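First comes the structure, then the notes that go with it.
The values are calculated or read from the model by the stated rules, or taken from the named source; none is laboratory data. None of these values were measured; they are calculated from a predicted model. Virtual Cβ from ideal backbone geometry, glycine too; neighbours counted across all protein chains shown.
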Amino acid sequence: MEPVIPVTPMNHNRSLETMTETATSELDDSFHVFDTTLRDGAQREGINLTVADKLAIARHLDDFGVGFIEGGWPGANPRDTEFFSRAQAEIDFRHAQLVAFGATRRAGAKAAEDPQVRALLESGAPVITLVAKSHDRHVELALRTTLDENLEMVRDTVSYLREQGRRVFVDCEHFFDGYRADPEYAKAVVRTASEAGADVVILCDTNGGMLPAQVHAVVSTVLADTGARLGIHAQDDTGCAVANTLAAVDAGATHVQCTANGYGERVGNANLFPVVAALELKYGKRVLPEGRLREMTRISHAIAEVVNLTPSTHQPYVGVSAFAHKAGLHASAIKVDPDLYQHIDPELVGNTMRMLVSDMAGRASVELKGKELGIDLGGDRELVGRVVERVKERELQGYTYEAADASFELLLRAEVEGRPLKYFDVESWRAIVEDRPDGSHANEATVKLWAKSERIVATAEGNGPVNALDRALRVGLEKIYPQLAQLELVDYKVRILEGKHGTHSTTRVLISTSDGSGEWATVGVAENVIAASWQALEDAYTYGLLRAGVEPAR
Ligand SMILES: CC(=O)SCCNC(=O)CCNC(=O)[C@H](O)C(C)(C)COP(=O)(O)OP(=O)(O)OC[C@H]1O[C@@H](n2cnc3c(N)ncnc32)[C@H](O)[C@@H]1OP(=O)(O)O
Ligand SMILES: CC(=O)C(=O)O
């Protein structure tokens, strides 16, 4: 085995030589967290990253503290080539080393003369990952060459890149399928790569069909038989990529290849975040610099924003629901000790515990939610019981409070105060949709309100009846409450609750509103979609005024 080379942060002001020899990171080289979001993650359907996106993600990953960032395949497309030159010029990497990905040289050629290998060197990346075939069928059918020539392609390319002063990792594509077909040949590829100077040989479950026990058995045997330093790259086609990665670590792999949020080809790759959290929190292994794990939730969401995908709410550790508790019995135990229903303290990964109030809630859920909202329920069992009953009754009618925190808070305050929180009283509202001969529609709404003893009548038009109502309400109230000018409706969702009744069904409307510094959700339920929307709007504006610190009418 090669001597251990310390992990070195990338710095474009230093030469390649000093970059591979100086050790300044607080982590040693004995275990690698290798991220391939910018290469394999970008292979996910629907992801299309610009160079600026790739630079932004690289910054987030370096900030998180991964040891290696695989930036793409220089030479395969102009975008990846540009990324390597800009990343080295523009980013002062604090933790990560930049890695260029490419293939072994072509059959029958020399590595030193292969334009694809030259592009890898020209990328300037201090580390290069080569993808190599390790499955006999792939060598014969995809490369259309002999098994011996494939070994020569690996040996020649690795040793040439080593001579050029680069650190080399080798990804053995389809390793596990290849091992099943011809274990001796698959191991020969590992030995060849390692003997030629590859620091780590990565066993890839390229088709993602493996299960953890199989991965464990193969990694253990290959480690014992070859003595090479091994890594793991698991695709998630069986939903086992994270488990397979950990199984490989259990068997002795010391290099894990993952992607942020599990993005990747087909269904994705091993998700970086649960893998790192498991290593740090369950295995007790330091794989990130001090304090970086607490940034994990923020970084996961920030990367999702850059790739323009909604963060998965149910993602382990980092999803907004990862520590959200709905069942009343869970809440009653959590009230005594949160550990009773949580596998870790959410703050360790930068997440927070949340209480959900619904018809599955009990008194403890309401008490904890009150505490979360800063409302003192004073241990009043009767009051808390009343709130629980009220929630269950309303949820039966179709309201949902777990998705509408602001409406729940208004309900809770109403029970605590003995009357609803009011900034205005509604005399009536009306919305009209006019169909015109040219097929267009005119939408107009009028609201009649009372606020601070003043009668307000306001009319407005909108691009739909709900928009017209929203505008009329705003036009009418803004004179009295100028704070409403900052509010913006950012989401509007309608759900039919009893499909079997067709147009007579109950309709639930959820509205999200923002004041620029925060967002809240409100709910309305009625047989009529406009009436349901009106309720949600009323709650949205009432809550907005409460947040703005406006004193309610008494
Ligand atoms: C498992 C993985 O995810 S590996 C990463 C895969 N990523 C990508 O493919 C994304 C980037 N790829 C590309 O831009 C293009 O496919 C390129 C530039 C790499 C190659 O493009 P092209 O030369 O036009 O050919 P094509 O895409 O059909 O690739 C097949 C060629 O690569 C060769 N090849 C495939 N695997 C390897 C390998 N491990 N080592 C060497 N050559 C290989 C094939 O033999 C074939 O060669 P041929 O043209 O002589 O028949
Ligand atoms: C290298 C790689 O992405 C794979 O084998 O899946």
Which condition number does SER220 fail, the rest of (1) surrounded by 22 or more Cβ atoms within 10 Å (Cβ to Cβ); (2) under 19 Å from THR254 (Cα atoms) being met? (1)
Does segment 390-398 include one or more residues that are free of Cβ contacts under 8 Å to residues at least 40 places away in the same chain, more than 29 Å from the chain's Cα centre (by Cα) and part of a loop (DSSP other than H, G, I, E, B)? no
So which of PRO183, PRO212 ends up being away from ligand 1 (no atom under 16 Å from the Cβ), within 17 Å of HIS255 (Cα to Cα) and without any contact (Cβ under 8 Å) to a residue 40 or more places away in the chain? PRO212
Would you point out the residue of segment 147-186, among those that are away from ligand 2 (no atom under 16 Å from the Cβ) and of a type in the set (Asp, Glu), that is surrounded by the most Cβ atoms within 10 Å (Cβ to Cβ)? ASP156
Flag if ALA198 is touching a Phe, Trp or Tyr at 6+ places or on another chain (Cβ under 7 Å) and within 16 Å of ligand 2 (Cβ to nearest atom): yes
Output the residue which, of all residues in segment 49-75 that are touching a His at 6+ places or on another chain (Cβ under 6 Å) and in a loop (DSSP other than H, G, I, E, B), is farthest from ALA119 (Cα to Cα). GLY65
Scanning segment 134-180 for residues that are within 15 Å of ALA198 (Cα to Cα) and of a type in the set (Lys, Arg), the one farthest from ligand 1 (Cβ to nearest atom) turns out to be ARG167
Every residue in segment 341-357 that is in contact with a helix residue (DSSP H, G or I) (Cβ under 6 Å, 6 or more places away or on another chain) and not in a helix (DSSP H, G or I), please. ILE344, GLY350, ASN351, THR352, MET353, MET355, VAL357
Counted residues in segment 358-378 being without any contact (Cβ under 8 Å) to a residue 12 or more places away in the chain and either in contact with a Phe, Trp or Tyr (Cβ under 7 Å, 6 or more places away or on another chain) or outside any helix (DSSP H, G or I) (or both) come to 3
Do the conditions hold for VAL190, that is, is it over 30 Å from LYS282 (Cβ atoms) and within 16 Å of ligand 1 (Cβ to nearest atom)? no
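Residue-by-condition table, conditions (1) within 29 Å of LEU279 (Cβ to Cβ); (2) within 15 Å of ligand 1 (Cβ to nearest atom); (3) of a type in the set (Ser, Thr, Tyr):
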| site | (1), (2), (3) |
| --- | --- |
| ILE57 | yes, no, no |
| SER85 | no, no, yes |
| GLN88 | yes, no, no |
| GLN97 | yes, no, no |
| ALA103 | no, yes, no |
| GLY108 | no, yes, no |
| GLY124 | no, no, no |
Residue that is farthest from SER428 (Cα to Cα) [pool: residues in segment 457-496 that are surrounded by 14 or more Cβ atoms within 10 Å (Cβ to Cβ) and in contact with a Lys or Arg (Cβ under 7 Å, 6 or more places away or on another chain)]: ARG495
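Yes or no, residue by residue, for (1) touching an Asp or Glu at 6+ places or on another chain (Cβ under 8 Å); (2) acidic (Asp, Glu); (3) surrounded by fewer than 20 Cβ atoms within 10 Å (Cβ to Cβ); (4) not assigned by TED's automatic domain parsing to the domain that holds ALA234:
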| residue | (1), (2), (3), (4) |
| --- | --- |
| PHE31 | no, no, yes, yes |
| GLY46 | no, no, yes, no |
| ALA52 | no, no, yes, no |
| ASP63 | yes, yes, yes, no |
| ASN77 | no, no, yes, no |
| SER85 | no, no, yes, no |
| ALA89 | no, no, yes, no |
| HIS95 | yes, no, no, no |
| LEU98 | no, no, no, no |
Restrict the check to segment 106-117 and report whether at least one residue is at pLDDT 95 or above and under 21 Å from PHE68 (Cα atoms). yes
